[in-house]
Amino acid sequence: MKKMVALLLATLFTALLLCGCSQYDGRYDDEEFLTDGMNHYAATMWSGNTRADGSYALHAGSFSGVHGLRSFTVEENDTLCEVTSTLTCTKGEAKLLLVDTDKKTLAAQWPLDGETTMSVTLPAGSYDLRIAGKSAGFDGQISLTLNGQAVDWDGVLESMAETLQDVLGAGGTLETSLRALQDAA
């Protein structure tokens, strides 16, 4: 009897969990929902991590809704933004979105369909790379470049570059800064 109750509870819990993952399916094509800057999603078996090659590996067993992957700023007009993706849908539907966060509009969107490089020319502004799903499962990697320069997923490299420039000062070089430090010691 105890095994039967435990099995029944496990089945009910699993059913509730799976139902919860589809609560956003009706909003998959709702541009206002996709661009509002908030993460609205339900997921099971979700994982993501930055890889040594600068890409971002992503996996979801079941995903519905919209989730922000990376925010970035474009400093100059006519910046070439390239998103290279090996993300493939294993079930349901999913797409990558490029959202203009200043205007709260879609700048571009692409379905997850295997190895693809998607390109769009952007004006200066703030953007989010997001993923939207409809009872989707997916697996693969994503990389992002702006005018051929890789964008770091967790911001560490950009932060280090800004700090180094602050230390070096305007027009300084690493060599002259090291010499100045050595002379001061």
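The values are calculated or read from the model by the stated rules, or taken from the named source; none is laboratory data. In this text the structure is predicted, and so the values were computed from the model without any measurement. With ideal geometry, Cβ positions are generated from the backbone for all residues, glycine too; neighbour counts draw on all protein chains shown. Note: areas computed on protein heavy atoms with side chains; ligands, DNA, RNA excluded. Shrake-Rupley method; radii C 1.70, N 1.55, O 1.52, S 1.80 Å.
Output the qualifying pairs, or none if there are none: Cβ atoms under 7 angstrom, residues six or more apart or on different chains, first residue in region 67-85 and open to solvent by 50 Å² or more (accessible area, probe 1.4 Å), second residue outside any strand (DSSP E or B).
Listed by first residue and then by second, the contacts come to E75/A124; E76/A124; N77/P123; N77/A124; L80/N147.
Taking only region 1-43 into account, find how many residues are among the hydroxyl-bearing types (S, T, Y) and at pLDDT 90 or above.
Of the residues in region 1-43, 4 are among the hydroxyl-bearing types (S, T, Y) and at pLDDT 90 or above.
F33 is checked against (1) in contact (Cβ under 8 Å) with a residue 60 or more places away in the chain; (2) assigned to a helix (DSSP H, G or I) and fails just one. What number does that condition carry?
With (1) in contact (Cβ under 8 Å) with a residue 60 or more places away in the chain; (2) assigned to a helix (DSSP H, G or I) applied to F33, the lone miss is (1).
Determine whether L122 is among the aliphatic types (A, V, I, L, M), out of contact with any helix residue (DSSP H, G or I) (no Cβ under 9 Å at 6 or more places or on another chain), under 18 Å from S55 (Cα atoms) and at pLDDT 95 or above.
Judged against the criteria, L122 is not a match.
From the set of residues in region 46-55 that are more than 16 Å from A132 (Cα to Cα) and not small (G, A, S), which is surrounded by the most Cβ atoms within 10 Å (Cβ to Cβ)?
Filtering region 46-55 for residues that are more than 16 Å from A132 (Cα to Cα) and not small (G, A, S), the one surrounded by the most Cβ atoms within 10 Å (Cβ to Cβ) comes out as T50.
Considering only region 49-65, how many residues are on the phi < 0 side of the Ramachandran plot and either outside any strand (DSSP E or B) or touching a Phe, Trp or Tyr at 6+ places or on another chain (Cβ under 6 Å) (or both)?
Count: 8.
Kindly evaluate L106 against the criterion of being touching a helix residue (DSSP H, G or I) at 6+ places or on another chain (Cβ under 9 Å) and modelled with pLDDT of 95 or more.
Spelling it out, L106 is indeed touching a helix residue (DSSP H, G or I) at 6+ places or on another chain (Cβ under 9 Å) and modelled with pLDDT of 95 or more.
Can L96 be described as open to solvent by less than 50 Å² (accessible area, probe 1.4 Å), in a strand (DSSP E or B), in contact (Cβ under 8 Å) with a residue 60 or more places away in the chain and out of contact with any His (no Cβ under 9 Å at 6 or more places or on another chain)?
Criteria not met by L96.
Anything in region 134-153 that is of a type outside the set (A, V, I, L, M) and out of contact with any Lys or Arg (no Cβ under 8 Å at 6 or more places or on another chain)? List them, or say none.
Once the filter is applied, which keeps residues that are of a type outside the set (A, V, I, L, M) and out of contact with any Lys or Arg (no Cβ under 8 Å at 6 or more places or on another chain), region 134-153 yields K134, F138, D139, G140, S143, T145, N147, G148, Q149, D152.
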